[in-house]
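First comes the structure, then the notes that go with it.
Every number in this text was worked out from the coordinates using simple rules, so none of it is lab data. This structure is a prediction, so every number in the text was calculated from the model and none was measured. For neighbour counting, all protein chains shown are included, and Cβ atoms are generated from backbone atoms with ideal geometry for every residue, glycine included.
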Amino acid sequence: MGQFFIIHPDDPQSRLIKQAVKIIQDGGIIIYPTDSAYAIGCQLENKGALERIRQLRHLEEGHHFTLICRDLSEIATYAIVDNSSFRLLKAHTPGPYTFILKATKEVPKRLLQPKRNTIGLRIPDNKIVQALLMELNEPLMSVTLAIPNQEYPLVDAQDINEMLGNQVDLVIDGGACGAEGTTIVDLVEGAPKIMRIGKGDPLVFI
């Protein structure tokens, strides 16, 4: 059974944040709250942890992982951002949006959408996530927590821990999350293209 931390959503306890990051750095996978739904993540370079997430989520090889970033400068390390894309990112981050952009060479090839060399990136508006990223000092590799054959997304950390606590290394209870994933916006061709409507207003990109 993995660990279970209750972390305050507005004032995350530094001790628990440090312990959570140590679990990530030691190769663990964690379930954590965001400003949309709960997500599951691991360290960027950890191939073994990535495969554990693939198996847990029943993901195909081409499935997009998302890099959860602290700020715009970190996004620019991992994605090619032109001026118009930068203005959009600046206006709508942090927030419940995932942006698809052309990846730089800093992104491990196993994370790329193979035919397009793209990567999904986002900056969540969530203090627990921001605290984790500041302590980790790099993006968190992540996907939304959507369990195969589960009719509704899990929104309560206690329920998540009962169902998945023995398959992950840590579940963070940061309060109830919503059931919607992010709105996904493709910026590869310049003009925004809405790929999925989720939490967040897609009309702001039209």
message: It is to be established whether one or more residues within segment 41-62 are over 17 Å from Gln167 (Cα atoms), hydrophobic (A, V, I, L, M, F, W, C) and part of a loop (DSSP other than H, G, I, E, B).
response: yes
- prompt: Yes or no: Ile6 surrounded by fewer than 20 Cβ atoms within 10 Å (Cβ to Cβ) and within 25 Å of Glu180 (Cβ to Cβ)?
  reply: yes
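Residue-by-condition table, conditions (1) under 22 Å from Val155 (Cβ atoms); (2) over 16 Å from the mean Cα position of the chain (by Cα); (3) surrounded by fewer than 23 Cβ atoms within 10 Å (Cβ to Cβ):
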site	(1), (2), (3)
Gly27	no, yes, yes
Glu45	no, no, yes
Leu56	yes, no, yes
Glu61	no, yes, yes
Leu67	no, no, no
query: Do we find that Ala157 is surrounded by fewer than 20 Cβ atoms within 10 Å (Cβ to Cβ), farther than 21 Å from Phe99 by Cβ, of a type in the set (A, V, I, L, M) and more than 14 Å from the chain's Cα centre (by Cα) in this structure?
result: no
query: When you go through Thr118, Thr98 one by one, which is the residue that is closer than 30 Å to Asp10 by Cα, buried (at least 17 other Cβ atoms within 10 Å of the Cβ) and either of a type in the set (Ser, Thr, Tyr) or without any contact (Cβ under 8 Å) to a residue 24 or more places away in the chain (or both)?
result: Thr98
task: Given the conditions (1) surrounded by fewer than 21 Cβ atoms within 10 Å (Cβ to Cβ); (2) hydroxyl-bearing (Ser, Thr, Tyr); (3) in contact with a Pro (Cβ under 7 Å, 6 or more places away or on another chain), report the number of the one that Ser84 does not fulfil.
output: (3)
- line: Note on segment 29-43: residues among the hydroxyl-bearing types (Ser, Thr, Tyr), in contact with a Leu (Cβ under 9 Å, 6 or more places away or on another chain) and more than 9 Å from Val171 (Cα to Cα) are Tyr38
